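Working notes, structure below.
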Amino acid sequence: MIRPNSIVPSRFQNRGFTLLEVLISIVLFGVVLSLLIGGFRFSIRAWDRSEEYAVDTANLQAVHRIFRNTLGRAFPVTVDEDAESLFAFEGDENRVRFAAFLPPYPDQAGLYKVQFDIIRVQELYQLRMSRESFRPASFPQEETEETGTTVLLETESPIAFSFFGSPTDGQDPDWQSDWDTGDRYPALVRLGSVNEADDTYGWPEIVTAVEINIDSTCISPELGGICRMAN
């Protein structure tokens with residue numbers, strides 16, 4: 001009896017994979033799988049970074065809007081300090097404090113003491129905003145009493161305030177790290193990240209104009225102001 005396989009050439013006979021072929025297949029499969037996993041991880045990181053960038057951009061836009069709108073409502077009321085009548089505006093690298101006439105949201109409309117602070121919490125820098133009803137006697141106090149503090153921004157980069165203007169008559173306007181000139185307001189207030197090594201400012205940078213032309217409290221003298229022109 002003739003066996004069927006005996007008439008089929010050996011090159012056409014079915015045979016299994018050799019150990020070398022199996023090893024090569026496993027290696028190729030591993031390479032392809034690692035490439036796929038690497039591409040998947042890259043896509044996830046790119047997606048996460050794009051989401052973080054979008055959130056950071058939205059936060060910066062919100063801070064810019066709040067900062068601009070609040071400073072835009074700065075009210076040129078004056079307070080008595082050391083027998084002088086000075087405008088209610090103070091600032092340094094970590095703080096801006098001023099009087100502002102705010103709309104009826106979220107609290108009642110009226111004259112408030114508004115304060116922006118930069119606080120370092122562990123490895124993060126926080127921009128905080130607080131406010132309370134304006135009282136001339138309590139304006140120089142660091143802490144607010146009536147309202148809580150809102151954290152507007154958190155960042156790993158150091159941030160600081162600076163002020164543009166002429167602190168004294170006859171001096172060319174320039175950026176100042178402190179503003180304690182009580183007889184005038186700065187023209188601009190800047191909030192930006194600062195390189196502690198060389199004290200240079202970088203992105204993001206928020207610059208807001210302080211547009212005050214006349215002491216409006218002459219209309220309402222009970223607020224403690226005096227009628228005079230503001231620089």
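Derivation of every value follows stated rules applied to the coordinates shown; laboratory data play no part. These numbers come from a predicted model, not from an experiment. Cβ: placed from backbone, ideal geometry, glycine included. Neighbour counts: every protein chain shown.
Numbers for the structure displayed
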{"item": "Segment residue 138-residue 150, extension gain: residue separation times 0.36 nm, minus the distance between their alpha carbons", "result": "2.3 nm"}
{"item": "In nm, spacing of pseudo-spin labels at residue 209 and residue 21 (7 Å Cα→C-beta vector)", "result": "8.0"}
{"item": "Global form of the range 29-163, assessed from the alpha-carbon gyration tensor, a/c cut-off 1.5", "result": "prolate"}
